[in-house]
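Structure first, commentary second.
The values are calculated or read from the model by the stated rules, or taken from the named source; none is laboratory data. What you are looking at is a predicted structure, and each value in this text was computed from that prediction instead of being measured. Please note: Cβ atoms are built from the backbone with ideal geometry, for glycine as well, and neighbour counts cover all protein chains shown. Side chains included, ligands, DNA and RNA excluded: accessible areas come from the protein's heavy atoms. Shrake-Rupley method; radii C 1.70, N 1.55, O 1.52, S 1.80 Å.
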Amino acid sequence: MDKGQPSIWTWARDSALLVATIVSIFAAFSNSLTWYLQQLWGASGDFWQARWDQFLDFFGDDESVLFIYGTTLLTMGLYWGVGSIYILMDYFNWPKWIRKYKVQPGTNEPVDTKRLVSAIGYVLFNQTIVGIPFAAFGYWMMYQPTRSIRVLPTFSSVLLELAVFIVVEEIVFYYSHRLLHHRRLYKHIHKKHHEWTAPIAVTAIYCHPLEHLLSNILPPALGTIIMSSHISTSWLWYSMAILRTLNDHSGYHLPFFPSPEAHDFHHLKFTECFGFLGILDYLHGTDRMFRSSPAFKRHFVSVSTQPLRKQFPDESKIKLNSHDD
């Protein structure tokens, strides 16, 4: 066995630890936290239920159509709606002030037109040719004829399912992603995605179709399949996943946004930071280089408008400045 690959025992042990930790945290806080939030949800529950009924009255309540084509339109609309903003920023280098938040300064300034067009083509192929058939498969796996699509789930059930989704995605994404870095698979599949050592937002799913299915679609979708989630819960989760991956690949560490430092570091170094939470990376020791780097010091949500690269500059820059002095 390749020493770089986790054994079945290691996988089972670390996965069980991750699940137990998150479930314990949820159980510890569920009684108090969910009670208060449930009051807020309950106060607005009639409002959201009324909006949901209006939505179904307009678009219809055929769950297969909503799940397959509605999910496709929602995810593509969100991906390209937000992704286009980043494209404009990278292609026109505007607004100028936002360049100071680049994770890798000097890269994609501006982004190369030919590479951008190629990436867009690959992404559209994955979203349609790969994504729609899997959506049909997911609907077949989750379909429950006795459940009413018109009744929105309770707040506590949504919160519980989101916790499950996070656990499942961390486990499935980490190991599927690490598997794609195996020397026998990397050059045939995952290398396509790593053509961008300094990624931009829309390259989040620029990859081989098999990778898109195994590492982009399956990790977030599997939790919803396991829980047979209501379509509204699935849509909420998919929206969260899309916004996160766009941010992780954006190349910008903006104030008040989640940190993209870990995944950007993965694109730069290839051999570190395989997960999205970082828990399994820590347990497997696949973040040691990252933790000892200046990027790790910048790996948090900034509440200041001052760029984190000024607060925590690279070591090479520090040495250069010292020499100049």
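Under conditions of 4 °C and 1.567 mPa s, segment 165-286 yields 88 µm² s⁻¹ as its translational diffusion coefficient, taking Rh as the Kirkwood radius over Cα pairs in the Stokes-Einstein equation. At the residue level, Thr305 shows approximately 100 square angstrom of accessible surface with a 1.4 angstrom probe and all protein chains present. What net charge is computed for the residues neighbouring His190, neighbours being all others with C-beta under 13 Å from the C-beta of His190, Lys and Arg scored +1, Asp and Glu -1? So the environment of His190 carries a net charge of +4. Surface analysis of segment 44-94 yields an accessible area of 59 Å² per residue, using protein heavy atoms and a 1.4 Å probe. Accessible-area rank, largest first, for Phe67, Phe59: Phe59, Phe67, with all protein chains present and a 1.4 angstrom probe. Of the accessible area of segment 219-273, computed with a 1.4 Å probe over protein heavy atoms only, carbon and sulfur atoms account for 75 percent. Centre-to-centre, using Cα atoms only, segment 192-238 and segment 43-116 are separated by 14 Å.
Under 19 Å from a label point 7 Å along Cα→Cβ of Asp57: give me every residue in segment 125-151 with its amide N that close. Only 149-151 fall inside the zone, counting backbone N under 19 Å.
Rounded to the nearest 10 square angstrom, Lys102 shows an accessible area of 10 square angstrom against a 1.4 Å probe. Ignoring ligands, DNA and RNA, what percent of the accessible area of segment 50-206 is carbon or sulfur (1.4 Å)? Exposed carbon and sulfur together represent 68 percent of the surface. Residues Arg178, Arg291, sorted by accessible area with the largest first, give Arg291, Arg178 [1.4 Å probe; ligands and nucleic acids excluded].
Spin-label pair Ser156-Leu124: with each label point 7 Å from Cα along the Cα-Cβ axis, the two points sit 4.8 nm from one another.
Counting 0.36 nm for each residue step from His182 to Ser239 and taking away their Cα separation leaves a gain of 17.5 nm. Between Tyr252 and Val103, the built amide H atoms are under 5 Å apart, and every one of these is 5 or more places off in sequence or on another chain. By a 1.4 Å probe calculation restricted to protein chains, His188 has an accessible surface near 120 Å², given to the nearest 10. Note that segment 57-64 has calculated 3J(HN,Hα) couplings of 5, 7, 9, x, 10, 6, 5, 5 Hz, one per residue in order, obtained from phi through the Karplus relation 6.51 cos²θ - 1.76 cosθ + 1.60 (θ = phi - 60°); glycine and proline are x. Label-to-label distance, Lys310 versus Arg99, with points set 7 angstrom from Cα along the beta-carbon direction: 1.6 nm.
Subtract the Cα-Cα distance of Tyr69 and Phe137 from 0.36 nm times their separation in residues, and report this length gain in nm to one decimal.
Gain on extension, Tyr69 to Phe137, equals 23.2 nm.
Applying a threshold of 29 Å to the alpha-carbon distances of Lys102/Lys191; Lys96/Lys191; Lys114/Lys191; Lys96/Lys310 flags Lys96/Lys191 as lying beyond it. Let me test this: with uniform point scatterers at the alpha carbons of segment 88-234, what is the Debye-based log₁₀ I(q)/I(0) at q = 0.16, 0.21 1/Å? Rounded to two decimals, the profile gives -0.99, -1.22.
Taken one residue at a time, the phi angles of segment 245-253 give Karplus couplings (6.51, -1.76, 1.60, θ = phi - 60°) of 5, 5, 5, 4, 9, 5, x, 10, 10 Hz. Gly and Pro are set to x.
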